[in-house]
Every structure is written in structure tokens, then in C-alpha cells.
1. Could you grab me the full set of residues in segment A:115-126 that are buried (at least 22 other Cβ atoms within 10 Å of the Cβ) and either of a type in the set (K, R) or within 25 Å of A:D181 (Cβ to Cβ) (or both)?
2. Of all residues in segment B:31-76 being among the hydroxyl-bearing types (S, T, Y) and in a helix (DSSP H, G or I), which is farthest from A:L12 (Cα to Cα)?
3. Give the residue, chosen from B:I129, B:I152, that is modelled with pLDDT of 95 or more, within 14 Å of chain A (Cβ to nearest Cβ), within 18 Å of the chain's Cα centre (by Cα) and surrounded by 17 or more Cβ atoms within 10 Å (Cβ to Cβ).
4. Which residue out of B:G70, B:G103 is surrounded by fewer than 22 Cβ atoms within 10 Å (Cβ to Cβ) and among the small types (G, A, S)?
5. What do you reckon, is B:L175 more than 14 Å from every other protein chain (Cβ to nearest Cβ), within 25 Å of A:D127 (Cα to Cα) and at pLDDT 95 or above?
6. So if I check each of A:L112, A:L135, A:L79, which one is open to solvent by 10 Å² or more (accessible area, probe 1.4 Å) and outside any loop (DSSP other than H, G, I, E, B)?
7. Of everything in segment B:236-291 that's in contact (Cβ under 8 Å) with a residue 40 or more places away in the chain and at positive phi, which residue is farthest from the other protein chains (Cβ to nearest Cβ)?
8. Go through segment B:150-173 and report how many residues are part of a strand (DSSP E or B) and either among the aliphatic types (A, V, I, L, M) or closer than 23 Å to B:E53 by Cβ (or both).
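The values are calculated or read from the model by the stated rules, or taken from the named source; none is laboratory data. Model, not experiment: these values are computed from the prediction. Methodologically, a virtual Cβ is constructed for each residue, glycine included, from the backbone with ideal geometry; neighbour enumeration extends over all protein chains shown. The accessibility values were calculated without ligands, DNA or RNA, using every heavy atom of the protein model including side chains. Shrake-Rupley method; radii C 1.70, N 1.55, O 1.52, S 1.80 Å.
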Protein chains: 2
Amino acid sequence: MKNFSIAKSRRLRSTPFTSRIEKQGVTAYTIYNHMLLPAAFGSIEDSYKHLKEYVQVWDVAAERQVEVSGKDSGKLVQLMTCRDLSKSKVGRCYYCPIIDDNGNLVNDPVVLKLDENKWWISIADSDVIFFAKGLAAGNKFDVDITEPVVDIMAIQGPKSFALMEKVFGKKIIELKFFGFDYFDFKGIKHLIARSGWSKQGGYEVYVQNTESGQKLYDQLFEVGKEFNVGPGCPNLIERIESALLSYGNDFDNNDNPFECGFDKYVSLDSDVNFLGKEKLKKIKSEGIKKK
Amino acid sequence: MKNFSIAKSRRLRSTPFTSRIEKQGVTAYTIYNHMLLPAAFGSIEDSYKHLKEYVQVWDVAAERQVEVSGKDSGKLVQLMTCRDLSKSKVGRCYYCPIIDDNGNLVNDPVVLKLDENKWWISIADSDVIFFAKGLAAGNKFDVDITEPVVDIMAIQGPKSFALMEKVFGKKIIELKFFGFDYFDFKGIKHLIARSGWSKQGGYEVYVQNTESGQKLYDQLFEVGKEFNVGPGCPNLIERIESALLSYGNDFDNNDNPFECGFDKYVSLDSDVNFLGKEKLKKIKSEGIKKK
């Protein structure tokens, strides 16, 4: 296949880690949420083998956050997703398909409950912020909706636990899957979740203090030498092997959640109110036509 | 500046013209509305000079359409834009900043009024469809909102008029700026507007019949030899020279329309109801802080 260059512009935003990964040998980008997302550091096969055995640090700042806060924030977040969040807990991540009025998918983010009235929607590649703003304005909800300065760096691979323990101490090993907490790096608190876009295990650091995040990035490479740390990015081979679906690639706004195998995240029997609920009941009762 | 490859994937959609422009020597892409938009055919300087003197055919399918139809469609489109559309006419294009509840820009599309209850919003690079869906659901509007199969090809440059007259006849020369009408190409009707993302003059063909559109693309290059037709794309040099602003590059959801010099499209004294109206009145009365 012929290679084409990517034409950089302000519209395709760089990340706080872009200059670092370009020194480290990134060779290809994709665009995700209007931002540069590294797609290859040379051979994807080599990167795949490395990821399965060691540890990689990924610039996944393109996983943007939609912050919803205020009195009606819980109501708005619930309205947007077919997953019942009535028993959700602060400090936990939830995989939440976002659904439109027709029962079709808008996005499949991970939702972080920061406190009772503050949520981050960590989005796949579509502008969820405008869906949220439209719904909030139409329903006259008392909420603030912003895209905060948050740039995620992921630490993925079997050696990620040993590496992160060396930097953050034993406490980070106790973090459960899809849990998050705050961890100190040289006097700055970072929100870190046990999550990531591979099945090799690892963490995602939600960097709000950019300067500290960049220092942490460098530190991970310094400390990680003994674990054979390398730069990387979500890996196509690993993603297919692990059956990780992706909005835009594997499904989009023409598909409903049943068609994507998201049945367990569709809480049709709950009391909660969400968009497309009646439509999804109808779709389910009539039988799913494609998978 | 170092070159990086673009990693193609299903998520970055191809257009009906992609295989053609790749044969014609496209060298760089950008991503716009999750789709490939050509960004260079070799030297941007040479392409600029060619555009100013001759005629180019552009694959701008990435200018996607949001189709809003139904009983409340006019109400929804008006709610989304600060431009007074109460006197808008079928067959005309309108440059319409789209504004959120905070008075900030969501997009700056061209809106086509297809009939009293059917509109196309020809969008810049953000997911207006989800803003429209959120607003429609929140307000319980009776509308249908879809992304129709429409792929725009632009014919731009001083010789575009002579070329289009040769293909479509004299009637197309009479089309006024920002007017559109339907023109026959070998038995298939195409919606064609006198518009485009350059100041060199020209047309945009809103291709709904893909096969006929591809034949038209080939025909334009066949017939256009005498006018020195070439492939091309929105040109950075020409855009700067002509002061054509671009959502994402020159302004975004952090800016209000006054800051972008869109004052004449902000109808604060009208009777129409649009989002952010009170907020924009307040901003105007307090004075604009940046430009």
C-alpha cells in the first residue's frame, strides 16, 4: 500500500507528548478527536511482540474528556447512556455506550465518576461534547459541560505493574481493574486508573498538570530501562486478537448496541431514564437483524 | 519538517474519488469530519499558481451534510444558528455560524434550504449531527436527522465557468453566488451550487448518485484538457490570501462569533429564537475582549 503524508495543522492538535514521541521514532499517525494519535513506531508486528512481553508508554491524549458537572450532571450522564448508573460509585470507571433517540450508538466511552456531581466521559472518536450540550440546552439542565485540559498517557503490558510500583509505590498495585485513585509524583497528584486500550494490563494517567506529566513521561522511560520499556500505541494486531471493538472502525451511528454485542450494558429492565430506551425495547422484541 | 504517514483505517473514511486522486498524485491528506481530505498534490506553491490561473477539480467529500427534515426542521435549524433565517429562500445557501448555549461556536457551515421542511447543513470539521440530535431530543422536536450519502466535488478557479458551461450548458453560468439548482448530466440530476472554499470562483456538485458523480469527475478531466484542468484541494496559501477562516484552525468552541468577525451573521435584533442569544447580547454589551 502506498504511503501518504499527514498534513499537520492547528486543527489536528498536537499533544504534550508529541515532541517526545517524534524523537522516539513515531512513523505514522491517525487522527482521533481532532488530535494526533500515534499509529506506528516502525513495524507493527515488532511493537505487538514487545507489548505482549514488556511494557510500553503510550501517548493517548486523543482520548479526550467531556466534563459534566453541576446539579443535574448525574441526570444528563444517565440520559446519554443505556447502562444503569444508579448504583455507580465515586472512584470507578464504567464502560457506557452512548445512545441517540433512534437507539443507535453515538460513542462508547469510559465514564469516570469523580464525585456525585462531577463526571468525566473519556470518549472514543466523536464529538460527544456537542451531544451533551444539545441535550442539556434542550432539557434546560443545570450543568456545566467542558473539555478540560486532560491528556492521557497509558502504561501497558505485563511489566507495567512492576514499573508503576517503582514510581508510585505498592499502593498502585492494589488498584482494582477499572478503579481509579490519586497518586503522588514529586508533589503533584495524578488521577490514575487501572485501564487501557489493550488486554495486556496496565494503567492510564489522566494528566492535568502538563509539566508534571511530561516529567513523569521521562521518568517512566528512565526507571523503565530494566523492564525494557518502549514507546508504543494502541496496536492493531493486539486489538483484533483481544476483540477490542472501536467506534468508527467496527460500529458507528448506523448501529445499535445489540448489533455490537453490548447487551450486558443495555439496562432495559432498570428504572432509569435514558435516550432511545423505548426504541431499544422495540428493537429487542423484534429481534436483532445483524451482528 | 519531518514527514509522518497517515495510518488509514475504516474510521478515516475514503470518498468515492479517493482511488482517482491517488492515481492523480495526491501526496498528503488531512482528516476532516472523520474522512480523508486531500491536502497536497506535490508543491502547494505550484498548486496555488495553477488554481489562480486555470481550473481544478477537488475531492471535498469530507464536507459532510447533516440533513434535517420534518415539521420542526426550520425551528431546529434556526435554534442552532445566530443568523436570522426567517426570510430564507429555497434554492439558496446561507453561511450560518452554529452557536452553543454559552454563545460559543460549534461550527460554521453553509446551510442549504432544499424546501420548507428540508435542510442540508454542509459542515466544517465537528460533529454537528450530535448537537442537532441532542437539541431535537431535548426539545421533543418532530424532525429526522441523518447524514445522507452526499459527496461534494468542487470545481474551482477562473476557468471553472467555461468548463462547467461545456458540460452543463449556458444555464449554469446564470447561477448566482450562493444559489443552487439541479443540472442534468447524462440523465442524472445533480444539485450544484455556485460556491466553494476558494475566492477564485467556481461550483460545488453535491453528488448523491455516486456512479454518475464518478463519471462526471472523469468527464470534467476529459473535457477540461483545453482549460488546463488539474486535481487540487483547498489551498493553504490561497486560503490565507483570501482570509477564509476555518473552524478548528482559526477559531473553535472557545470563541464567540464576535471574536471571529462574524458580526453581520449575528441577528441579535431579530425576533427569531436561537441558542446563546441572551449570552451573545451580554457579551456584546460588555465589549469584545479579543479578535
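1. A:W119, A:W120, A:I121, A:S122, A:I123, A:A124
2. Checked segment B:31-76; the qualifying residue farthest from A:L12 (Cα to Cα) is B:S73.
3. From the options B:I129, B:I152, the qualifying one is B:I129.
4. So the residue among B:G70, B:G103 that is surrounded by fewer than 22 Cβ atoms within 10 Å (Cβ to Cβ) and among the small types (G, A, S) is B:G70.
5. no
6. Residue meeting the stated conditions: A:L79.
7. Within segment B:236-291, the match that is farthest from the other protein chains (Cβ to nearest Cβ) is B:G276.
8. Residues flagged as part of a strand (DSSP E or B) and either among the aliphatic types (A, V, I, L, M) or closer than 23 Å to B:E53 by Cβ (or both) within segment B:150-173 amount to 5.
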